[in-house]
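Comments concern the structure below.
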Amino acid sequence: MPSAGDTPVGSSRIERRIPIDGVAMVHLLGPEDRLLSTIEGRFPAVDVHVRGNEVTLAGLAHDVARVEELIAELIALVQGGHTIEPADVTASIKIITDGEHRPSDVLGQSIVSSKGKAVRPKTAGQRDYVDAIDEYTIVFGLGPAGTGKTYLAMAKAVQALLRKEVSRIILTRPAVEAGERLGFLPGTLSDKIDPYLRPLYDALGDMLDPETVPKLLAAGTVEVAPLAYMRGRTLNEAFVILDEAQNTTPEQMKMFLTRLGFNSKMVITGDASQVDLGTGLSGLKVAQRVLSEVGDIHFANLTSDDVVRHSLVGHIVDAYGEYDARHIAARHERDRAAEFAQRAEKRTGTGGPSGRNPRRGTSS
């Protein structure tokens, strides 16, 4: 039965009037009513009208209830100091649809703020990943490109440093792409390695003032180094991030994990579908099998649903995933067919391409 403010419209439609504070209304509508247009585009069956400080929703009861919940969550974000973008509206709709979290809880968590912008999780999966970093000593962030694995880990590292929970940040990744060609690149060793570490520098620059980063690097408070430089060290009082971990060997992964020191935290990020190693097993894949039952280690699996780049990136990830799955299945079928043929050949005792048993020698 409709509550006060609801007017029945036919047998299956309702009309809902929602009063909204003037300041919240300005943020809710967005520049040139972009946010309102986003809501209307995602819920075409709901008529949305704004008059003064009141929003009127008309449509099927189920659809109206979802839009009303969405508006309430967006207002909660505004009241929490969050600047809403169209992407936040889209993310909020997905979170409400999934039904496991509230958008204001997921999107309202600010990890670190810089240059007037706050780094926040954008999906429920990212929120769970961030929470795991708080809870566990070692966290593996696994997932495709664009899911925020490294960026959120960097934000948590900066947060821990600013809160004085650690005394330094160590960022590392394997320079696998260089391989034997490293010596042919121009410049010093640092000049040759820096391009492979550039994504870490870029993320760091997004979260700290530009003039602060060189000082932290010079003082050793922040260290960006190739994975090979970790050998023989014990990393105490540090937040350590290993990026592109799918390109480590099992030996390198073991070496890295055993660098863990007192009052330290490690985050290992990687995408098992993008292994650039020429031969051999990926240390990331081996670690998933070896460490799955070890306490205080967590594997956070992000998916295409957690991609926060252009929406097309998520579709690209899914398309490649389906392509790989088909080829793996086809290869499995070919292997099974070959194995069946070999067994059949052994049972029948065939001895050559002709399929006939070899002749026995006869005496003359």
Restricted to the stretch 160-192, and to residues that are at pLDDT below 80 and closer than 21 Å to residue 271 by Cα, which residue is most open to solvent (accessible area, probe 1.4 Å)?
177
Look at residue 289 and say whether it is at pLDDT 85 or above and either in a strand (DSSP E or B) or not β-branched (Val, Ile, Thr) (or both).
yes
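For residue 121, indicate whether it is in contact with a Ser or Thr (Cβ under 6 Å, 6 or more places away or on another chain) and free of Cβ contacts under 8 Å to residues at least 40 places away in the same chain.
Taking the combined requirement at face value, the residue does not satisfy it.
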Condition first: exposed (fewer than 15 other Cβ atoms within 10 Å of the Cβ) and either more than 14 Å from residue 149 (Cβ to Cβ) or of a type in the set (Val, Ile, Thr) (or both). Now tell me which residues in the stretch 266-276 satisfy that.
276
Conditions: (1) modelled with pLDDT of 70 or more; (2) part of a helix (DSSP H, G or I); (3) open to solvent by less than 100 Å² (accessible area, probe 1.4 Å). Residue 334 meets all but one. Number of the miss?
(3)
Can you confirm whether residue 157 is surrounded by 24 or more Cβ atoms within 10 Å (Cβ to Cβ) and in a helix (DSSP H, G or I)?
yes
Condition check for residue 93: in contact (Cβ under 8 Å) with a residue 24 or more places away in the chain, more than 17 Å from the chain's Cα centre (by Cα), assigned to a loop (DSSP other than H, G, I, E, B) and surrounded by 14 or more Cβ atoms within 10 Å (Cβ to Cβ):
no
Of residues in the stretch 239-286 being hydroxyl-bearing (Ser, Thr, Tyr) and assigned to a loop (DSSP other than H, G, I, E, B), the one nearest to residue 153 (Cα to Cα)
264
Which of (1) modelled with pLDDT of 95 or more; (2) over 19 Å from residue 303 (Cβ atoms) does residue 269 not meet, given it meets every other one?
(2)
Can you tell which of 57, 70, 77, 36 is modelled with pLDDT under 85, on the phi < 0 side of the Ramachandran plot, in contact with a helix residue (DSSP H, G or I) (Cβ under 9 Å, 6 or more places away or on another chain) and surrounded by 15 or more Cβ atoms within 10 Å (Cβ to Cβ)?
36
What are the residues in the stretch 96-143 that are open to solvent by 30 Å² or more (accessible area, probe 1.4 Å) and assigned to a strand (DSSP E or B), if any?
113, 117, 118
Being among the polar types (S, T, N, Q), open to solvent by 60 Å² or more (accessible area, probe 1.4 Å) and either outside any helix (DSSP H, G or I) or modelled with pLDDT of 85 or more (or both): is that true of residue 83 here?
yes
Within the stretch 136-159, can you find the residues that are in contact with a Lys or Arg (Cβ under 7 Å, 6 or more places away or on another chain), closer than 14 Å to residue 244 by Cβ and at pLDDT below 95?
143
Assuming residue 17 fulfils every condition listed in (1) more than 36 Å from the chain's Cα centre (by Cα); (2) modelled with pLDDT under 85 apart from one, which condition is it?
(2)
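Quickly run through the stretch 217-267 and pick out the residues that are β-branched (Val, Ile, Thr) and touching a residue at least 24 places away in the same chain (Cβ under 8 Å).
Looking only at the stretch 217-267, we keep the residues that are β-branched (Val, Ile, Thr), and these are 221-222, 224, 234, 240-241, 248-249, 258, 267.
Once the filter is applied, which keeps residues that are β-branched (Val, Ile, Thr) and touching a residue at least 24 places away in the same chain (Cβ under 8 Å), the stretch 217-267 yields 221, 222, 224, 234, 240, 241, 248, 249, 267.
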Looking at the stretch 231-252, is at least one residue within 22 Å of the chain's Cα centre (by Cα) and open to solvent by 80 Å² or more (accessible area, probe 1.4 Å)?
no
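The values are calculated or read from the model by the stated rules, or taken from the named source; none is laboratory data. Keep in mind it's a predicted model, so treat the numbers as computed, not measured. Because the Cβ atoms are built from the backbone with ideal geometry, glycine has one as well, and the counts that use them run over all protein chains shown. Calculation scope for accessible area: heavy atoms of the full protein, side chains included, ligands and nucleic acids excluded. Shrake-Rupley method; radii C 1.70, N 1.55, O 1.52, S 1.80 Å.
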